[in-house]
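A short write-up of the structure that comes next.
The values are calculated or read from the model by the stated rules, or taken from the named source; none is laboratory data. Just so it is clear, the structure is predicted and the values come from calculations on it, not from any experiment. Glycine also receives a Cβ, built like all others from the backbone with ideal geometry; neighbour counts cover every protein chain displayed. Just so you know, the surface numbers come from the protein's heavy atoms only, side chains and all, with ligands and any DNA or RNA stripped out. Shrake-Rupley method; radii C 1.70, N 1.55, O 1.52, S 1.80 Å.
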Amino acid sequence: MRAAISLSWVMFSRKVGNGLISINKEASMQLQYAYVLQQLLPLITFHDAEKFEIELETGVRVKDRSREIDLLFSGEFESQRHIIAIEMKCYRTLAASGGKRGATDIFMKDVYEDLHLLEQYESEGIVQEGVALVMNDMKRLIHPPRKDAKCWDYDISHGSSFGPIQLSTPIGGREISINLEKTYSLDWINYGKFWFLEAQGRNV
């Protein structure tokens with residue numbers, strides 16, 4: 001299951017980068033990626049009793065708050081069940097409406113919040129693994145000429161490593177509290193005009 005997620009991400013990324021799949025916002029990213037992953041399920045099924053399920057926007061309760069997991073990938077075989085949560089983020093320079101987008105600082109912070117949520121899903125026993133899939137079309141976020149703004153406390157650039165870490169730098173005028181207990185290393189790949197990231201925390 002975990003390998004299928006990575007393979008689907010590479011296939012999705014290359015298709016997007018070469019213009020075979022058009023992505024203009026996170027919702028289309030979720031749908032198109034789920035479709036690619038769905039096509040791989042027969043290839044990772046090796047027994048009649050194996051069952052796999054892909055569900056988008058699954059509602060869960062975490063620390064008395066309602067959350068929606070972008071994609072929930074579950075598998076079952078002989079009473080054993082494995083569940084992987086996938087959180088996705090998409091940032092395009094141009095919004096779906098055609099206008100220019102700003103708020104790159106919020107996007108950077110949101111990537112860290114997704115990692116925080118994935119850790120919570122695991123600690124609460126909702127899933128066994130959590131994976132973040134991120135895409136954007138801004139090279140300066142991946143290879144920044146400098147990191148002198150406060151938003152770089154939420155560093156998502158290529159090669160950055162962090163964790164365990166506690167972050168509270170305000171973004172967008174609101175207070176932030178993000179605690180990451182795992183370690184992370186970010187390795188972006190480039191296809192066409194887009195950059196793609198697959199991130200999963202490691203236990204210390």
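The single condition among (1) open to solvent by less than 60 Å² (accessible area, probe 1.4 Å); (2) over 25 Å from Gly17 (Cα atoms); (3) part of a loop (DSSP other than H, G, I, E, B); (4) of a type outside the set (Lys, Arg) that Ile156 does not meet is (2). Candidates are the residues of region 11-28 that are farther than 21 Å from Glu68 by Cβ and of a type in the set (Val, Ile, Thr); the one that is surrounded by the fewest Cβ atoms within 10 Å (Cβ to Cβ) is Ile21.
Which residues, taken from region 91-109, are under 17 Å from the mean Cα position of the chain (by Cα) and surrounded by fewer than 21 Cβ atoms within 10 Å (Cβ to Cβ)?
We begin by selecting, within region 91-109, every residue under 17 Å from the mean Cα position of the chain (by Cα); these are 91-92, 104-109.
Of everything in region 91-109, those that are under 17 Å from the mean Cα position of the chain (by Cα) and surrounded by fewer than 21 Cβ atoms within 10 Å (Cβ to Cβ) turn out to be Arg92, Thr104, Asp105, Ile106.
Taking (1) farther than 22 Å from Asp187 by Cβ; (2) open to solvent by 60 Å² or more (accessible area, probe 1.4 Å) in turn, Thr58 satisfies each apart from (2). All told, Ile44 meets the bar of being modelled with pLDDT under 95, over 21 Å from Tyr91 (Cβ atoms) and surrounded by 11 or more Cβ atoms within 10 Å (Cβ to Cβ).
Listed here are the residues, each with its yes/no results for (1) within 19 Å of Val134 (Cα to Cα); (2) free of Cβ contacts under 8 Å to residues at least 60 places away in the same chain; (3) surrounded by 12 or more Cβ atoms within 10 Å (Cβ to Cβ).
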residue	(1), (2), (3)
Ala49	no, yes, no
Gly75	no, no, yes
Ile86	yes, no, yes
Lys89	yes, no, yes
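Filtering region 55-73 to residues that are closer than 16 Å to Ala132 by Cα and hydrophobic (A, V, I, L, M, F, W, C) leaves Leu56, Ile69, Leu71, Leu72, Phe73.
Is it true that Leu31 is surrounded by fewer than 18 Cβ atoms within 10 Å (Cβ to Cβ) and in contact with a helix residue (DSSP H, G or I) (Cβ under 9 Å, 6 or more places away or on another chain)?
Taking the combined requirement at face value, the residue does not satisfy it.
Leu118 - would you say it is surrounded by 13 or more Cβ atoms within 10 Å (Cβ to Cβ) and of a type in the set (A, V, I, L, M, F, W, C)? Against the criterion (surrounded by 13 or more Cβ atoms within 10 Å (Cβ to Cβ) and of a type in the set (A, V, I, L, M, F, W, C)), Leu118 qualifies.
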